[in-house]
Amino acid sequence: MSKYYTGRKTKNLFDPQSKAPFKLSRSKIELFMNCPRCFYLDRRLGVGQPPGYPFTLNSAVDKLLKKEFDIYREKQVAHPLMEKNGIRAVPFKHEKLNIWRDALHGGIAYLDTPTNLLFSGGIDDVWVSPDGQLFIVDYKSTSKEEEVNINADWQISYKRQMEIYQWLFRMNGFNVSSTGYFVYCNGLIDRDIFGAKLDFDIKVIPYTGDDSWIEGTVLNIHKCLRSDTIPASGQDCDFCKYAQGRKSVEKEK
């Protein structure tokens, strides 16, 4: 764990006295939504949640999908998955696409002037309709016996992710459809042998986003960061539950 977790941070923390824009990634918005307390400890006090280990197989699927869709992007023709699902669009060709995809070095970003908060996120793909409207696309991968969907309670994070990306593109002046698409890859495990090959069933799932919650959330995030009081935990934060349970046991000793 020490390779990934270095304890308390001292850099890139929110300073109420600073005039410089403060950067917040899409994942930090999600952290705030899940637990304002963990968000505050992370962005204001430098105590972040221990990170999870990287999902390297998922990352490999993402990279291969991007390479494949880029072939059709260069030709400016629809990918077979788009044709199969009746989606009248082609992969969007734009000079900033690689920047938008790189969450660590830019992503799609927007500075909210009233709060001086700079929001950003790294997208997987963007498709464009014949009339110029953009569809935000997110790749997902898993492996389970049942058909994939986005109906589970925990997948609200997927939906918020899509809505944040739609909002970021709108704030950058693009005409963005409320409909986004999840390209969901499900690794098939019903094969008799592995044979050094993993087959996938790929489903394109449309989702109608609603980013109306974001404006109020931005104000709440700003208020939280400027406060000198640590906020309450989220209702179902496992990290806070663990911290409270550990503290209680240690007191008994």
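Please treat every number below as a calculation from the coordinates, not as lab data. No experiment lies behind these values; they were computed from the predicted model shown. Cβ sites come from the backbone with ideal geometry, for glycine too, and all protein chains shown count toward neighbours.
What helices (runs of 4 or more DSSP H) completely inside the range 32-87 contain at least 1 residues that are within 20 Å of the chain's Cα centre (by Cα) and surrounded by 16 or more Cβ atoms within 10 Å (Cβ to Cβ)? Those helices (runs of 4 or more DSSP H) span 36-43, 56-75. Would you confirm, using the coordinates I've provided, whether Gln17 is out of contact with any Lys or Arg (no Cβ under 9 Å at 6 or more places or on another chain) and surrounded by 13 or more Cβ atoms within 10 Å (Cβ to Cβ)? So Gln17 fails the test. One residue stands out in the range 169-197 among those that are aromatic (Phe, Trp, Tyr) and not in a loop (DSSP other than H, G, I, E, B): the one that is nearest to the chain's Cα centre (by Cα), namely Phe182. Assessment of the range 117-132 against the conditions (surrounded by fewer than 15 Cβ atoms within 10 Å (Cβ to Cβ) and either closer than 27 Å to Thr217 by Cβ or of a type in the set (Val, Ile, Thr) (or both)) yields no matching residue. All told, Leu104 falls short of being in contact (Cβ under 8 Å) with a residue 24 or more places away in the chain and aliphatic (A, V, I, L, M).
Can you find even one residue in the range 20-28 that is in a helix (DSSP H, G or I), in contact with a helix residue (DSSP H, G or I) (Cβ under 7 Å, 6 or more places away or on another chain), in contact (Cβ under 8 Å) with a residue 24 or more places away in the chain and at negative phi? Taking every residue of the range 20-28 in turn, at least one turns out to be in a helix (DSSP H, G or I), in contact with a helix residue (DSSP H, G or I) (Cβ under 7 Å, 6 or more places away or on another chain), in contact (Cβ under 8 Å) with a residue 24 or more places away in the chain and at negative phi. Return the residue satisfying two criteria in turn: it lies in the range 88-127 and is among the hydrophobic types (A, V, I, L, M, F, W, C) and assigned to a loop (DSSP other than H, G, I, E, B), and of such residues it is farthest from the chain's Cα centre (by Cα). It comes out as Ala89.
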